[in-house]
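The values are calculated or read from the model by the stated rules, or taken from the named source; none is laboratory data. What you see is a predicted model, and the numbers here were worked out from it, not measured in a lab. All Cβ positions, glycine included, derive from the backbone under ideal geometry; neighbour counts span all protein chains shown.
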Amino acid sequence: MKIDRLIGILSVLLQEERVTAPKLAEKFEVSRRTINRDIEDLCKAGIPIRTEQGAGGGICIMEGYRMDRTLLTSKDMQVILAGLRSLDSVSGSHYYSQLMEKIKTGSSGFVSGRDSILIDLSSWYKNSLAPKIEMIQAAIEERRLFSFLYYSPRGESRRKIEPYYLIFKWSSWYVWGWCCEREDFRLFKLNRMDRAEITGGRYEARAVPAPDLSNERIFPGKIKVRAVFEPKMRWRLVEEFGPSCFEVQEDGKLLFQCEYTDEEHMIQWFLTFRDRVEVLEPDEIRRELLRIAESVTRMYEEKSGSDIRG
């Protein structure tokens, strides 16, 4: 892409005193004529570039345009590269890795030391996530409608949206867009999508409100919870809610108190602790956990009985 190449050329000029057109052409795998046109475009954009002919000549940024040789500090560069690596971890192409190379061009002495920030956003679902992310990015750039089969607690439905933002939140990827079926902006989780495709239709960009991603907005309603955990579960409580979420009782057990926003998710969470937690309140959650335990018991008893009879 031309804009990427222009950024790369500018990065080289900011890092080096001067560089020749043949060297730039070789670096960006284009012709010398293309490099000359790119230099003209940078000049039109207001970058004061000077070219010098003959031995020792080349292309450079005019003195006085900047006080320092770079717009970024070493720390700035490390943070930018860490962010690009994180995006590259879920990319289905080589775009971000190529962009990193362009930014680092001529800065090997400037970016010093080992990387101190490593971010991997791919999770267990990289093989299925990367194509969706790439497809949604293309749909957003081209203003194309995006269609998919969506699985939600209410059932399955075919959705068609005008995509506007890709969002990473709550350890998952989402797309924010205008839902043609609901005629309103909606947030869709990528892991719940199947049979995703870009349709032939295009759309005119709307005035898009920034998505409200506060927990109160996405998970409305609060449920006050009290539960007692076995001491062995301290590590999970600390990991998921912090060390101040419980009080150690005289018998060593952990009294846990918090406000939950999603009843279904809360019940699923408690079940992962098996018999190492007792919910004290609310009563309806206690009753639901009992119902689930009895149902599971019956299922396995009936299965065991049929196995014996068989």
Residue check for Leu190: crowded, with 17+ Cβ neighbours inside 10 Å and among the aliphatic types (A, V, I, L, M): yes
Of residues in region 20-70 being among the basic types (Lys, Arg) and under 37 Å from the mean Cα position of the chain (by Cα), the one modelled with the lowest pLDDT: Arg69
Pairs where the first residue, in region 184-198, is under 16 Å from Gln137 (Cα atoms) and the second is in a strand (DSSP E or B) and among the charged types (D, E, K, R), C-beta under 9 Å, 6+ apart: Leu187/Lys169; Phe188/Arg159; Met193/Arg159; Ile198/Arg144
Residues located in region 1-20, provided they are of a type outside the set (S, T, N, Q) and surrounded by 17 or more Cβ atoms within 10 Å (Cβ to Cβ): Arg5, Leu6, Gly8, Ile9, Leu10, Val12, Leu13, Leu14, Glu16, Val19
Residue pairs meeting the criteria (Cβ under 7 Å; at least 6 apart or on separate chains; first β-branched (Val, Ile, Thr), in region 233-255; second surrounded by 10 or more Cβ atoms within 10 Å (Cβ to Cβ) and at pLDDT below 95): none
Failed item in (1) more than 30 Å from Asp275 (Cβ to Cβ); (2) touching a residue at least 24 places away in the same chain (Cβ under 8 Å), with Ile223 passing the rest: (1)
Contacts under 6 angstrom Cβ, first residue in region 167-178 being assigned by TED's automatic domain parsing to the domain that holds Lys189, partner among the hydroxyl-bearing types (Ser, Thr, Tyr), 6 or more apart: Ile167/Tyr174; Trp176/Tyr164; Trp176/Tyr165; Gly177/Tyr164
Output for region 35-44, where each listed residue is in contact (Cβ under 8 Å) with a residue 24 or more places away in the chain and not acidic (Asp, Glu): Ile35, Ile39, Leu42
Residue list for region 145-165, restricted to those being surrounded by fewer than 18 Cβ atoms within 10 Å (Cβ to Cβ), of a type in the set (Lys, Arg) and touching a Ser or Thr at 6+ places or on another chain (Cβ under 8 Å): Arg158, Lys160
Residue within region 241-262 that is closer than 28 Å to Thr297 by Cβ, touching a Pro at 6+ places or on another chain (Cβ under 7 Å) and not charged (D, E, K, R) present: yes
